[in-house]
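The values are calculated or read from the model by the stated rules, or taken from the named source; none is laboratory data. Keep in mind the model is a prediction, meaning the values are calculated, not measured. Cβ placement follows ideal geometry from the backbone for every residue including glycine, while neighbour counts extend to all protein chains displayed.
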Amino acid sequence: MGQLFSATPNHVQHQALVPRFTSYFNNFEMGSIIISQKTFSLIVSLLQKGNIQEANSTIRYALKEIDNTQLDIAVTGESGAGKSSFINALRGVGHEEKDAAPVGVVEMTMERTAYKHPNFPSVRIWELPAIGATNLEPKDYLDKVKFREYDFFIIVSATRFKKIDLDLAKAIKTTKKNFYFVRTKVDSDLRNEEMSKPTTFDRENVLQQIREDCVRNLKKNNIDEPQVFLISNNNLSEYDFPIMMDTLIKDLPAQKRHIFKFSLPNIMEADIERKRDSQMQYIWLEAFTAGVSAFTPFKIFFSNNEVEKLKASLNQYRVLFGVDDASLKTLAKHLQVPEEQLKEIIKSPTLLETEKEETIGEMLLRYLKNFFIHSGGPLGAALYYNKIYYLQLYLLDTVCSFIIFSTHCKTGKLPVHTPYKDPKLWNHKAEDVEEEKDQKLTLI
């Protein structure tokens with residue numbers, strides 16, 4: 001078997017590492033990068049000095065920190081405001097499902113309660129008792145609910161925020177923790193307004209009035225530049241929920257963004273793309289450390305360990321994007337189609353299962369050809385990424401294709417772009433790709 005690239009001297013490749021590292025992350029917005037600015041600058045400095053081993057160690061430590069991070073979110077607010085419904089919506093859990101936060105019209109929580117994300121147990125959403133039900137002053141309340149343990153607070157109300165909520169926000173501010181106001185049940189407000197004023201009803205005007213009323217009330221109580229988000233727990237794709245999630249991601253420390261993105265429900269195509277971008281960064285950083293450790297061209301040979309790593313990566317992506325077996329069962333029920341039919345459409349569970357006439361090596365080589373042709377060739381001649389990197393991207397793209405397709409199925413709207421319209425194209429072979437593409441993979 002041959003090589004995909006020809007070798008170049010080590011010192012030439014080392015000189016190319018800094019621009020390669022920095023240019024890659026220029027493709028992402030600062031608020032979406034999964035390593036901190038401090039870590040980024042340190043890695044660049046080490047690469048500039050030629051301290052490759054220490055740069056490697058820094059990247060590996062950053063990835064380990066991402067893997068081991070814990071995220072704790074506190075949700076509080078008045079009784080009946082929809083705290084439990086909001087928590088269930090954030091976790092992608094139905095109200096009647098196991099481990100759902102109990103929903104009721106009266107205050108159900110008198111002690112703080114943690115709800116772990118079903119797929120990401122390191123993400124915990126804490127439902128705190130309404131401060132008004134505790135008869136405690138804001139400072140004492142924060143001590144009681146152990147405020148130091150939370151990354152940020154969400155204060156929920158279905159009407160105007162009451163003075164006690166505003167006093168709580170001021171107390172949170174003194175702790176240097178971020179807090180956000182969520183105004184729930186705006187769908188009910190709109191419905192009631194339309195029923196009472198059918199001829200003059202203006203949806204956007206009503207939403208603006210609700211927002212301005214909230215902001216005015218908060219500013220009047222000395223809450224400067226309040227962040228208020230109007231949402232419906234019954235329809236997260238509407239109103240301010242997507243904007244709120246973008247804000248929370250940007251405000252989080254870099255190492256916590258990755259897990260938070262993946263804990264969020266797949267509501268819109270942008271949510272999946274955001275997760276894909278995050279996982280691409282993770283894969284690239286892993287590949288970068290492998291590349292700077294050994295500047296050697298890779299050979300088209302797949303060891304058992306490499307095949308097992310790819311299988312583990314595929315299973316991980318299916319869980320991350322919610323297309324593992326358990327999630328597919330739920331999705332099939334939602335779409336009202338047989339589970340087996342859904343599994344037949346999605347190719348990811350069988351991506352690494354070979355046909356009788358094809359070996360695992362031949363199949364993976366076909367995937368490599370396919371990936372290179374569609375991506376315009378191997379990424380960078382100065383750094384020899386491990387072949388597993390390219391195959392991981394291929395598997396990631398395939399999983400993302402299906403989840404985007406299924407997201408549009410929920411709304412009855414298919415995306416404009418193929419291959420999502422035709423699931424058969426998700427697993428197309430390299431020899432079926434249009435010949436007019438000039439980028440070709442030459443094996444020596």
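If the Cβ limit is 7 Å and pairs must be 6+ apart or interchain, which residue in segment 94-109 that is assigned to a loop (DSSP other than H, G, I, E, B) pairs with which residue that is at pLDDT 80 or above and exposed (fewer than 15 other Cβ atoms within 10 Å of the Cβ)?
Taking only residues 6 or more apart or on different chains, the pairs are A100/G94; V103/H95; E107/A133; M108/P102.
One line per residue, one yes/no per condition, for (1) of a type in the set (S, T, Y); (2) touching a residue at least 40 places away in the same chain (Cβ under 8 Å):
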residue	(1), (2)
N56	no, yes
K64	no, no
G77	no, yes
S84	yes, yes
A89	no, yes
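Please enumerate the residues belonging to segment 110-155 that are part of a helix (DSSP H, G or I) and among the hydrophobic types (A, V, I, L, M, F, W, C).
Those that are part of a helix (DSSP H, G or I) and among the hydrophobic types (A, V, I, L, M, F, W, C): I131, A133, L142, F147.
Could you please find all residues in segment 91-119 being under 25 Å from K162 (Cβ atoms) and either among the acidic types (D, E) or at pLDDT below 90 (or both)?
Result: A101, P102, V103, G104, V105, V106, E107, M108, T109, M110, E111.
Going by the structure shown, is S237 in the same structural domain as N88 (by TED's automatic domain parsing) and among the polar types (S, T, N, Q)?
It is true that S237 is in the same structural domain as N88 (by TED's automatic domain parsing) and among the polar types (S, T, N, Q).
Can L63 be described as surrounded by 13 or more Cβ atoms within 10 Å (Cβ to Cβ) and closer than 30 Å to A16 by Cα?
For L63, the condition - surrounded by 13 or more Cβ atoms within 10 Å (Cβ to Cβ) and closer than 30 Å to A16 by Cα - is met.
State which residue pairs qualify: first residue part of a loop (DSSP other than H, G, I, E, B) and inside segment 225-252, second residue at pLDDT below 90 and surrounded by fewer than 19 Cβ atoms within 10 Å (Cβ to Cβ) in any location, beta carbons under 7 Å apart, and separation of 6 or more residues or different chains.
Close Cβ pairs satisfying both conditions: P226/V215; P226/K219; S232/E238; L236/P265; S237/M268.
Evaluate the following for T69: is it within 19 Å of L285 (Cβ to Cβ), within 26 Å of the chain's Cα centre (by Cα) and either assigned to a helix (DSSP H, G or I) or modelled with pLDDT of 85 or more (or both)?
Yes, satisfied.
Suppose we filter F181, F147 for residues that are buried (at least 16 other Cβ atoms within 10 Å of the Cβ), touching a strand residue (DSSP E or B) at 6+ places or on another chain (Cβ under 7 Å) and not hydroxyl-bearing (S, T, Y); which single one remains?
On inspection, the qualifying residue turns out to be F181.
I'd like the full set of residues that are under 29 Å from the mean Cα position of the chain (by Cα) and among the aliphatic types (A, V, I, L, M), limited to segment 111-149.
Residues satisfying the conditions are A114, V123, I125, L128, V145.
Consider segment 285-322. How many of its residues are surrounded by fewer than 20 Cβ atoms within 10 Å (Cβ to Cβ), of a type in the set (F, W, Y) and at pLDDT 80 or above?
Of the residues in that region, 0 qualify.
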